[in-house]
1. Can you give me the pair-distance distribution of the range 19-60, C-alpha pairs, 5 Å bins, whole percents?
2. As an exercise, identify the trypsin sites (Lys or Arg not before Pro) in the range 20-64 lying in DSSP coil whose Cβ has no more than 10 other Cβ atoms within 10 Å.
3. Suppose the chain between residue 87 and residue 60 were pulled fully straight at 0.36 nm per residue; how much longer would it get relative to their current alpha carbon spacing?
4. In whole Å, largest first, what are the principal axis extents of the Cα atoms in the range 30-93?
5. Near residue 40, within a Cβ-to-Cβ distance under 14 Å, what is the net charge of the other residues, with Lys and Arg +1 and Asp and Glu -1?
Amino acid sequence: MMKKLTGFVVLFLLLSVNVSAEVKSLPEDTTVNKLIKQGYKLYDTDSSAWISKDDYPFVVTFYHLTKNNELVTCSLGKYYFADKFQKTFCWRP
């Protein structure tokens, strides 16, 4: 019994190692507002902040949108003291 269980665990680990996802970038002019106008719904948002190598605080907000079981993630970054946001990047997993 123990040999079978060990064999299943080893087989599971071998098969699960090679899982990978292809990421497809969307066109550069894609924005969250354009995606919402195309029928995507805002599912979730996340934010992350850190100090850049120039010692400036940097904040990135991730927007997760869905449409017909399709997920799109967009990131929008900004230096904390700046009035203007950096470029928006969107991709599909």
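1. Taking all Cα pairs of the range 19-60, the binned fractions are 5, 14, 13, 17, 20, 19, 9, 2 percent.
2. Details: sites: 24, 34, 37, 41, 53; in loops: 53.
Those satisfying the criteria are 53.
3. Details: separation 27, 0.36 × 27 = 9.72 nm, distance 1.08 nm.
My answer for the length gained is 8.6 nm.
4. Its Cα atoms span 42, 19, 15 Å along the three principal axes.
5. Numbers: positive: 34, 37, 41, 67, 92; negative: 44, 70.
Around residue 40, the charge tally is +3.
FYI, it's all coordinate maths here, none of it is from the lab. Everything numeric here is computed off the predicted structure, so don't read it as measured data. As a convention, Cβ positions derive from the backbone with ideal geometry for all residues, glycine included, and neighbour counts pool all protein chains shown.
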